[in-house]
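See structure below.
What follows draws every value from the coordinates through simple rules; no lab data is involved. None of the values given here were measured: they were computed from a predicted structure. Glycine also receives a Cβ, built like all others from the backbone with ideal geometry; neighbour counts cover every protein chain displayed.
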Amino acid sequence: MAGRIETLRWAGDRLELIDQRLLPQRVEYYACETAAEVAAAIRDMVVRGAPAIGCAAAYGVALETGRPTFGSIGEFHAAVEAAIAELGASRPTAVNLFWALDRMRRAYDEVRSEPPERIATRLVAEAVAIQREDLDVNHAIGRHGAALVPDGARIMTHCNAGALATAGHGTALGVVRSARDQGKRVAVIANETRPFLQGARLTAWEMVQEEIPVTLVTDGMAGHLMQRGQVDLIVVGADRIAANGDVANKIGTYPLAVLAARHGLPFYVAAPLSTIDRDVPDGAAIPIEERDGAEVTGFRGERWAPEGVAVANPAFDVTPAALVTGLITERGVVAPLDPDGLRRLFVG
Ligand code: MRU
């Protein structure tokens, strides 16, 4: 088996990210030395996936406090505030970004009156903790989720909710990995995930690396496979889960959930508690990122759509809670329609 995928590496004075735009053809690290560079890396999809962008943003704040270029303490504090604002403006849908920035702000507030070097040490420690905890959380999600996976299961997934989307192990793919680690035979059906191809490029790559059987299909093939009895369950990740259990995830997730209901298949969402946004009442209130139409009209510089065509490119859609069989979290599995279940996750 190949070595563990290190999506983010802290190198003391810089953050190194696997450049996910280049996968699977090239495995290269992209170095960020400032918060602005981390914000650009998030915007441009060097790093993507809800928990991974939260971890990256946390390091972005830490990097800003470590820069030796400030004239006065006032300038230092202004730069940290500007860094938090710029990172917060990088992508709007995944709430893990804002969750991580809130955590960094709380750590910053605790040591705000101390010298910059003390602040930098504290904020680096907080970013490292966020990354470590995410890895632990994903293993817990994997354990809970694996209990739902029958031996021999064919698991369909969408986008990439794997090691590349997190600090490691993954959420949806964490369930797959943990089931495999428990000795179950599992096979993955990876939806290609138009337009950015996270399924074809990233999920397929992760599974091939680990020799977990994987079949790549285009998004439009999902219904056919379900109809033919070739899918046993669906497990996806999430970018933000509203207080009523509605789930925002990669565009194309909602039709999969509708198809799963039509075919009586379990549809699970694997996500950490940091993805649940109890301040947002329902899915309609989740901001949906609209990305550049160039992602739809072509790929990596090649254009296949005619000039002049209008393009829509919403990056996420919302699956109503009623279509979700269970939310797999680090604290166990709950039915999203059960308000007590969701509330219980946050107790203790
Ligand atoms: O646009 P992306 O690639 O950042 O979208 C990623 C997803 O939709 C994932 O399913 C989600 O972030 C969960 S990652 C554990």
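Quotient of the Cα radius of gyration of segment 149-345 and 2.2 N^0.38 Å, N being its number of residues: 1.01.
Put simply, segment 1-66 fits an ellipsoid with semi-axes of 20, 13, 10 Å; these come from the alpha carbon gyration tensor as the roots of five times its eigenvalues, largest first.
In terms of its C-alpha gyration tensor, segment 200-272 has an oblate overall shape, because the principal axis ratio a/c (a ≥ b ≥ c, square roots of the eigenvalues) is not below 1.5 and a/b does not outweigh b/c. Net charge around residue 293, counting only other residues with Cβ within less than 12 Å of its Cβ (Lys, Arg = +1; Asp, Glu = -1)? Once positives and negatives cancel, what remains is -2.
Among 46-59, 246-259, 221-234, sorting by the average number of other beta carbon atoms lying within 10 angstrom of each residue, highest first, gives 46-59, 246-259, 221-234. Remark: the Cα gyration tensor places segment 8-138 in the prolate category, a/c being 1.5 or greater and a/b exceeding b/c. Binning the alpha carbon pair distances of segment 106-222 at 5 angstrom intervals from zero yields the distribution 2, 12, 18, 17, 14, 9, 7, 7, 6, 4, 2, 0, expressed in whole percent. All Cα-Cα distances of the chain, cut into 20 Å bins from zero to the largest, leave 32, 57, 11, 0 percent in each bin in turn.
Against the chain, whose longest principal axis is taken from its Cα atoms, helix 95-111 shows a tilt of about 30°. Placing unit charges on each Cβ (+1 for Lys and Arg, -1 for Asp and Glu) gives the chain a dipole about its Cα centre, and among 138, 150, 82 the Cα reaching farthest toward its positive end belongs to 150. Per-residue ellipticity at 222 nm computed for the chain from its helices equals -12000 deg cm²/dmol, with DSSP H segments shorter than 4 residues left out and the rest contributing -39,500 (n - 2.57).
Judged by the mean number of other Cβ atoms found within 10 Å, the most tightly packed of the peptides 29-39, 289-299, 114-124, 150-160 leads the ranking 150-160, 29-39, 114-124, 289-299. Net charge in the neighbourhood of residue 181 (other residues with Cβ under 14 Å of its Cβ; Lys, Arg +1, Asp, Glu -1) is +3.
Of all DSSP bridge pairs formed entirely within the chain, close to 50 percent run antiparallel. Measuring between their Cα centroids, segment 186-213 and segment 12-60 lie 20 Å from each other.
Each label point was placed 7 Å from the Cα along the Cα-to-Cβ direction; for residue 117 and residue 338 their separation is 5.3 nm. Taking Cα atoms only, the orientation of helix 73-88 departs from the longest principal axis of the chain by about 10 degrees.
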